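Quick notes on the structure that follows.
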Amino acid sequence: MKKYFFLFACFFSVFAVFAEPQFEFGVGSGYVFYGDKDLKNLLSDFDQKSQVILCGDFSVDFPVAEPVKLVFGMDSIMDARWKGSEHFILWDYCGFAGFKIYPGLAGLCTTIQYCLGRRTDFVSLQDIEDYIESTNFGNGFAFGISYDFGYGKKGYAPEVCANWRHMPRGGSSDNILEVKFRLSKN
């Protein structure tokens with residue numbers, strides 16, 4: 001298995017050396033469907049006043065062939081809920097590697113990614129002692145669709161994207177939906 005991984009890494013490293021990378025940075029919002037029953041019960045019992053969900057990502061894309069790019073990056077989403085001094089801050093973060101494929105419809109593209117990440121919960125409630133807890137690292141995947149307004153052009157260009165990320169958390173799984181506005185440099 002290690003030999004195959006090494007060959008795979010060497011094969012794509014050649015593309016990284018000779019290809020011009022594209023950099024992308026995105027911000028947006030989304031929604032998280034938590035799979036842990038205890039966490040869902042705590043969240044449903046919490047009478048929140050305010051909530052904000054922010055997400056962001058950064059990636060480096062290497063052209064492999066004309067319609068295909070190899071993508072490496074990180075993705076993060078923070079779900080913050082609070083009422084007075086009580087709060088839940090649930091921060092999910094992961095690194096990813098995958099492919100971005102342009103099927104020939106102008107700047108429309110799809111992505112498929114392998115993700116490795118975890119979630120850290122920062123909880124402060126009156127009934128419970130404050131705690132910070134992190135889940136185990138989980139291997140997940142993400143699928144996305146986006147429109148790259150600068151496809152085939154040089155310089156900076158906007159991109160609008162939506163993706164779904166499935167992240168196992170031991171005995172449960174989180175499903176994360178995100179909509180982002182990205183800025184890419186070709």
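Results, tabulated for the structure shown:
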| read-out | value |
| --- | --- |
| Yes/no for TYR151 being within 22 Å of ASP174 (Cα to Cα) and over 20 Å from the mean Cα position of the chain (by Cα) | no |
| Selection count where residues are within 11 Å of ILE176 (Cβ to Cβ) and surrounded by fewer than 17 Cβ atoms within 10 Å (Cβ to Cβ), scope the range 26-43 | 2 |
| Elements of type strands (runs of 3 or more DSSP E) contained in the range 1-95, each with 1 or more residues being hydrophobic (A, V, I, L, M, F, W, C) and at pLDDT below 90 | 50-65 |
| Residues satisfying the stated conditions in the range 135-186, i.e. assigned to a loop (DSSP other than H, G, I, E, B) and either modelled with pLDDT of 95 or more or touching a strand residue (DSSP E or B) at 6+ places or on another chain (Cβ under 7 Å) (or both) | THR135, ASN136, PHE137, PHE149, GLY150, ARG169, ASN186 |
| Pairs, first within 10 Å of GLN48 (Cβ to Cβ) in the range 77-92, second β-branched (Val, Ile, Thr), C-beta under 6 Å, six or more apart | ALA80/VAL52; ALA80/ILE89; PHE88/VAL123 |
| Of all residues in the range 132-182 being of a type in the set (Val, Ile, Thr) and surrounded by fewer than 16 Cβ atoms within 10 Å (Cβ to Cβ), the one that is nearest to HIS87 (Cα to Cα) | ILE132 |
| First in the range 111-129 and loosely packed, with under 15 Cβ neighbours inside 10 Å, second anywhere and polar (S, T, N, Q) and assigned to a strand (DSSP E or B), Cβ under 9 Å, 6 or more apart | TYR114/ASN139; LEU116/ASN139; THR120/SER134 |
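The values are calculated or read from the model by the stated rules, or taken from the named source; none is laboratory data. As the structure is a prediction and not an experimental result, all values here were calculated from the model. As a convention, Cβ positions derive from the backbone with ideal geometry for all residues, glycine included, and neighbour counts pool all protein chains shown.
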